[in-house]
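Enquirer: Here you go, one structure.
All of the numbers you see were taken from the coordinates with simple rules; none came from a lab. Since the structure is predicted, the reported quantities are computational estimates derived from the model, not experimental observations. In this analysis, Cβ positions are derived from the backbone assuming ideal geometry, glycine residues included, and neighbour counts consider all displayed protein chains.
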Amino acid sequence: MNYGYLAYPDIPEDAVHVLPLGAVEPHGPHAPLVTDTLISLGICHRAAERLEGEIPVLVLPPVHYGVTRYADAFPGTVSISEDTLRSLVTEIADSVGTLVLVNSHFEPEQVETLRSTGLPLLDLTRRAYAERLTEEFRSGSCHAGRYETSLVLADRPELVHADRLSTLEERHVDMPAAIDAGQTDFIAMGMEQAYCGAPAEATADEGRETFETLTDMLVELIREVAP
Ligand SMILES: [Zn+2]
């Protein structure tokens, strides 16, 4: 299941490969820089487990780096260009058989770049997926808020600063609307601490529940593309 941990004779034929994608960028004062990658990994591992005995699913080592510029004003942002991301993803695709991209970093340039590869993509910004997710996610106020923080609490609670979390006030920012209005950095959007939404309301239980929904979506997509 964990591609990188296999020895080569153990790689199954006709497997579906899933590539977890994220970003290295600030996620509030409370959550880890690689929050998005951790979320993608959580979805991939659950889907692989769910499909055991039906479809062999191999989780590739993740691509932690993404196109991430909105958080430039904060320490902790490490961005790559659209061209680099496209090359990386398409060259990985050339090396393996069937590949599905699983992305949890929603900066438009990241999403557009992944779409442009033409590869199967779990694209949570699509309405059909988004409407199955939580209210906060659908509100567009979903950077390091309740939605993302709950997911990290479900899998890696030791990486969340609980003491800081409890002090964070809800901050509603409709990110898609702000981006449409030409705002392309967190500060201009009103995210002085690199988060929006309500991280203090996050719970591991909500995270586990959301992971189940996200896993349903990926399982459906894998069944569609499986050889
Ligand atoms: Zn994120």
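Enquirer: Report the Stokes-Einstein translational diffusion coefficient (µm² s⁻¹, integer) for region 1-84, Rh taken as the Kirkwood radius over Cα pairs, at 25 °C with viscosity 0.890 mPa s.
Expert: Stokes-Einstein gives a translational diffusion coefficient of 173 µm²/s.
Enquirer: Still on this structure, I have one more. I'd like to know which of Gly53, Pro20, Val67 lies farthest towards the positive end of the charge dipole of region 7-104, counting +1 on Cβ of Lys and Arg and -1 on Cβ of Asp and Glu.
Expert: Toward the positive end, the furthest listed residue is Val67.
Enquirer: I'd like to compare 24-34, 96-106, 210-220, 77-87: which one has the highest average count of other Cβ atoms within 10 Å, and what's the full order after that?
Expert: 24-34, 96-106, 210-220, 77-87
Enquirer: Using only Cα atoms, figure out Rg for the chain and give it as a multiple of 2.2 N^0.38 Å.
Expert: Taking the Cα Rg and dividing by 2.2 N^0.38 Å, one obtains 0.98.
Enquirer: What does the charge dipole of region 1-123 about its Cα centre add up to, to the nearest 20 debye, if the Cβ of each Lys and Arg holds +1 and the Cβ of each Asp and Glu holds -1?
Expert: Charge dipole of region 1-123: 240 debye, to the nearest 20.
Enquirer: Would you tally the net charge around Glu52, using a Cβ to Cβ cut-off of less than 14 Å, leaving Glu52 out, and scoring K and R as +1, D and E as -1?
Expert: Net local charge, Glu52 excluded: +1.
Enquirer: Which percent, to the nearest 5, of DSSP beta bridges fully inside the chain are antiparallel?
Expert: Of those bridges, close to 20 percent are antiparallel.
Enquirer: Which whole-Hz couplings ³J(HN,Hα) result when phi for each residue of region 91-107 is put into the Karplus expression 6.51 cos²θ - 1.76 cosθ + 1.60, θ = phi - 60°, listed in order with x for Gly and Pro?
Expert: Running phi through 6.51 cos²θ - 1.76 cosθ + 1.60 with θ = phi - 60° gives 6, 5, 4, 5, 8, 10, x, 4, 10, 10, 8, 10, 10, 10, 10, 9, 4 Hz.
Enquirer: With a cut-off of 13 Å, note down the residues of region 1-36 whose backbone N falls inside the zone around a label point 7 Å from the Cα of Ala226 toward its beta carbon.
Expert: It comes to 14-17, nothing else.
Enquirer: Still on this structure, please answer the following. Calculate the dipole size of the chain relative to its Cα centre from +1 charges on Lys and Arg beta carbons and -1 charges on Asp and Glu beta carbons; express the result in debye to the nearest 20.
Expert: The calculation lands at about 60 debye.
Enquirer: Each residue of region 187-197 in turn: what ³J(HN,Hα) in whole Hz from Karplus with 6.51, -1.76, 1.60 and θ = phi - 60°, glycine and Pro shown as x?
Expert: Computed from phi, the couplings for region 187-197 are 4, 4, 7, x, 10, 5, 10, 6, 8, 9, x Hz.
Enquirer: Gain in length, Arg69 to Ala7, computed as 0.36 nm per residue apart minus the alpha-carbon separation, to one decimal in nm?
Expert: So the extension gain works out to 18.6 nm.
Enquirer: Moving to a separate point now. What are the ³J(HN,Hα) values, in whole Hz, obtained from phi via the Karplus relation 6.51 cos²θ - 1.76 cosθ + 1.60 with θ = phi - 60°, for each residue of region 40-55 in sequence order, with x given for Gly and Pro?
Expert: So the Karplus estimates, Gly and Pro as x, are 4, 4, x, 5, 4, 5, 5, 5, 4, 5, 4, 8, 3, x, 10, 9 Hz.
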